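Below is one structure. I have some questions about it.
Where a number appears in this text, it was derived from the coordinates with a stated rule and is not lab data. Just so we're clear, the structure is a prediction, and the values are computed from it rather than from any experiment. No Cβ is skipped: glycine too gets one built from the backbone with ideal geometry, and neighbour counts run over all protein chains shown.
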Amino acid sequence: MHSSTPSDADALGPTSDEPVDAQLSDELAAVVAGARRRAVRDGDRQVDTAHLLHSLLETDPDVRSAFPEGAQVARLLGYLVQRSIGYGLRWQGSVEDSGAVPLVRSAPGWSPVAAAAMEAGVERAASRGDERARGVDVLAALAADTECRAVEVLGRAGVDVELLRQRLN
């Protein structure tokens, strides 16, 4: 039976307004859907770069392989889970804007920085001749913005972000 009550996923805006959704691989589209669900579950108004990082790590084996130590992925996921149950409270209700990247048109339900990372991922894919962005493209875009929440999470979990950037380029 269909209900006229909007779902939790609708709270972050319609899926047709996802940033650059037509240019995402199927795997990355699943990452985006997971990040949206995580933001709703966390009670956040927008998908931010930490939501994207969390979903990338959970969903994409190529992203996990970008971290040479398996223990790093476990630490990151542990840290992100802690963030979702309390650490991220200081971020709730605020818009993520690192100021490190030019703002793009903001998609409903997305922080400007997360939308910019998605667009940068698409641009990275296009620069190598790929029509669709993959998870590692978005990871590279996240790592490039030294002021975003995802990079803060990476650093707190002990990841050498500069080394990660070098491996992804």
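Assuming R0 = 25 Å, can you tell me the calculated FRET efficiency for the pair Arg45 and Glu162, based on Cβ-Cβ distance, to the nearest 0.05?
The calculated FRET efficiency here is 0.20.
Please list, by residue number, everything in segment 144-169 whose backbone N is under 19 Å from a paramagnetic label point 7 Å out along Cα→Cβ of Asp62.
144, 164-169
Still on this structure: Quote to one decimal, in nm, the extra length available between Ala126 and Ala33 on full extension: 0.36 nm per residue of separation minus the C-alpha distance between them.
So the chain would gain 31.3 nm between Ala126 and Ala33.
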